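In what follows, a structure is listed as structure tokens, so that the remarks can point back to it.
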Amino acid sequence: LPEDSLTKEIRLTQDLLELFIKYQIPSDLLSYDGEGPCSAAGKVKVVKDYVAAMYEMINEKKKTEIQEAKQTRAYNQPVMTMQEFPVQQQPRRDFMSAPPSSPCPPPCASAMMSPPPPGPPPAGGAPPPPPAAAPAAPPQQQQQQQQQPQEQAQEQQQQYGSEEAGAEEAEGEDYTLVPAKLDRKFELLDEDAAVRPTIIKPATSWNKTFQKSLLSDPEKKHLGKEDLKKERDAAFDLLDALSKSGSLAVDHASLHVVMAATHCFDKTLLDTVVKDNVNPIEKVERSALILATTIHNLPAEQLVRPGHLEAAKAASPALFSA
């Protein structure tokens, strides 16, 4: 679809998100694939028809599953015979004490307590046994059918491996190697060995603010470990659907990689300044420059303002001569 074509299509946008996230419908089944010139409204109408057809199929599938569940429940539920039906016990009265207008007990009352005669099962009983299964295919045909999916899977794995190899050859930077580069830089340039690696641990519980509908008030929900996993899976499922499993580039997006390090002092701030006569700002600036030169892959001269360049060179001469 053209850009901004779904800006005013709120219902269509919500339906697309539900199909992508909840029902795992690939975006290829809902995309406009017509040929020739077509207006934006025409393309949106085609997508609406695809969405309506998909929901119709889902609703039919739901009805079928409900009907199958009812049949399974009726099949597994045991059939009650006439002996198992509860019979209300009435108080026994003498025949002579009965009023003249009361009729005699029907002769079939005692027959209700007797077992029913043999015959067809009562209505609502167990359904007839399922039909016999079709004869199995010959062994040769089964082997051929098993070999075809295996060959297709091997071809897909080979194609996927070649795509991965091509992606590795593409231009880019491996961010997993940055911590090792930082360690080497600090061993070479950090004279005090004051920088320590820092582990960032996100909180295990989060708060989510959302709206159930457009007119409802915002609500807050506490997310635990399982809820966080569901939200993360839903986000990746949506990204996979929008990018067609990675075949489409996501414009106007950026990847943020967060790494942390801690500059430690052996003494307190006052002891460092007064007793050791050391300027802590110069030490922290040197650690910050080591981090910046490694991450941005630029020399220190290009990262320091011209007015502070001489002071930085005097405090960390090894960093500027490297």
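Quick notes
- For segment 30-76 versus segment 199-275, the spacing of their alpha-carbon centroids is 34 Å.
- Each other residue within a Cβ distance under 15 Å of K181 adds +1 if Lys or Arg and -1 if Asp or Glu, for a net charge of -3.
- Length gained on full extension, D276 to H296, computed as 0.36 nm times the residue gap minus the Cα-Cα distance: 3.9 nm.
- With DNA, RNA and ligands ignored, accessible area of K22 (1.4 Å probe; Å², nearest 10): 130
- Area accessible to solvent at D192, 1.4 Å probe radius, in Å²: 80
- Accessible surface, segment 218-322, averaged per residue in Å² (probe 1.4 Å): 75
- Take L29: with every protein chain present and a 1.4 Å probe, its accessible area is about 100 Å².
The values are calculated or read from the model by the stated rules, or taken from the named source; none is laboratory data. This structure is a prediction, so every number in the text was calculated from the model and none was measured. Don't worry about glycine lacking a Cβ; one is built from the backbone with ideal geometry, like all the others, and counts go over all protein chains shown. For accessibility, only protein heavy atoms count, side chains too; no ligands or nucleic acids. Shrake-Rupley method; radii C 1.70, N 1.55, O 1.52, S 1.80 Å.
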